[in-house]
1. What shape does the range 256-347 take by its C-alpha gyration tensor, where a ≥ b ≥ c are the square roots of the eigenvalues and a/c under 1.5 counts as rounded, a/b above b/c as prolate, and the rest as oblate?
2. What is the sum of charges, Lys and Arg at +1 and Asp and Glu at -1, for the other residues whose Cβ falls under 9 Å from the Cβ of GLY10?
3. Specify whether the C-alpha gyration tensor of the range 1-120 places it in the rounded, prolate or oblate class, a ≥ b ≥ c being the square roots of the eigenvalues: rounded for a/c under 1.5, otherwise prolate if a/b is larger than b/c and oblate if not.
4. Could you tell me the center-to-center distance, by alpha carbons, between the range 192-246 and the range 1-54 in angstrom?
5. Using the Karplus curve 6.51 cos²θ - 1.76 cosθ + 1.60 with θ = phi - 60°, what ³J(HN,Hα) values do you get for each residue of the range 115-126, in whole Hz, with x for Gly and Pro?
6. Of THR25, THR119, how do they rank once you tally other Cβ atoms within 10 Å and put the fewest first?
7. Given 0.36 nm per residue, what is the gain on full extension from ASN54 to ARG310 after removing their alpha carbon distance, in nm?
8. Quick one: what do you get for the range 2-346 if you divide its Cα Rg by 2.2 N^0.38 Å?
Amino acid sequence: MFGLIDANVGRYKGVAAGVTPTDTTITRQDASGLSTSYFGVRGTEDLGGGLSANFELQSFIRNDTGQPGRSDAICAGPPAPAPACSAVNVGPDPFWSKAAFVGLGSDTVGRVRLGQITTAIFISSVSSNAFGDSTSFSPINLLMFIGSPLAGGTGWSNSIAYDSPNLAGFNFNLQKSLSEGSNGGNVGGRIGYAGGPFSAALAYSDVKKDPVTFSDGTTRNNTKNTLAGVGYDLQVVKLFGHLGRIVSDGSGTATLADDNISFRIWDLSALIPVGSGRVMVGYGVRKGNEAFASKRSLASVGYAYSLSKRTDLYALLRHDRNRAAGTVATAVEARGTSYALGIRHFF
């Protein structure tokens, strides 16, 4: 059994998806500052000859309220008058929505898994930025996945995945999510390299499945998504950068506002060891094409102090700015600053 509990108290302007001119600043306790809280169980059986069977089950936790998952249902039930329920209707996270798979593999031929599996493109993002898997303060995670036009969320149900062994520093992942009558299937993959101080990865996903729960995302649009990332460890500082693109082909119910639009994303971040802790800084931008010329920019800074190998204290600050002035997007200009003080404990 394993997992982590993250808890913080902060003042937040807007939500993870971005700020609007009507947002007010609120003080709240939250369960996803430096990481999103979860717990899990895993096991491995040695089958001999280097082959092993393994399973893993992981569930998100909102430890501020004791609820499972990351979100309640969004606009579930009878439709509300627009625009109160303009988001795609989805249910809450299923209990094991972070991971639920079983597989076979070995160190020489790789591993095959079946079930609910984290996407290769999300793994590529969280493994190469200064803020790690934070979905509240990491610029690249917020711009690429949280409240973004990208479809499919961060994990796919009904998946078949292959993870290669390490091949002279290279590794790759392939993933297919079966449609099962939900508009179409998803496919994705990632190739990565790590050697000495340098690392790099290129990930891709093609998403057609319609969302049913929050873990599937909140858009029915078919999107093609690309994310390239690099990292370099200079010992005194670790540097990271990404270039990404989200292209929406619309859907069967697409309108001018969500059909045939694209977004470009980039970010830079740095992780600086300081005594028993580390300083994190990052900046990123997501900008739409001319017809949907929305632009979101994020700047974050933080410090995490390690009380032990399993417990961190942290302080995080984020400045968020949204602008839209295209022929499709509603004109808007909004900005807000959020900060949090918290603790993260692994077990």
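1. Values: a/c = 3.11, a/b = 2.85, b/c = 1.09.
Prolate is the answer for the range 256-347, as a/c is 1.5 or above and a/b outweighs b/c.
2. Values: positive: ARG11, ARG28; negative: ASP30.
Residues near GLY10 contribute +1 overall.
3. Numbers: a/c = 2.99, a/b = 2.01, b/c = 1.48.
In terms of gyration-tensor shape, prolate.
4. Result: 18 Å between the Cα centres.
5. Here the 3J(HN,Hα) series is x, 8, 9, 4, 6, 5, 6, 6, 4, 5, 6, 6 Hz.
6. On the way: THR25 12, THR119 28.
With the fewest neighbours first, THR25, THR119 line up as THR25, THR119.
7. Details: separation 256, 0.36 × 256 = 92.16 nm, distance 2.46 nm.
That pair, ASN54 and ARG310, stretches by 89.7 nm at full extension.
8. On the way: Rg = 19.8 Å, N = 345, 2.2 N^0.38 = 20.3 Å.
Against the empirical 2.2 N^0.38 Å value, I get 0.98 for the range 2-346.
Where a number appears in this text, it was derived from the coordinates with a stated rule and is not lab data. Note that this is a predicted model, so its numbers are computed, not measured. For neighbour counting, all protein chains shown are included, and Cβ atoms are generated from backbone atoms with ideal geometry for every residue, glycine included.
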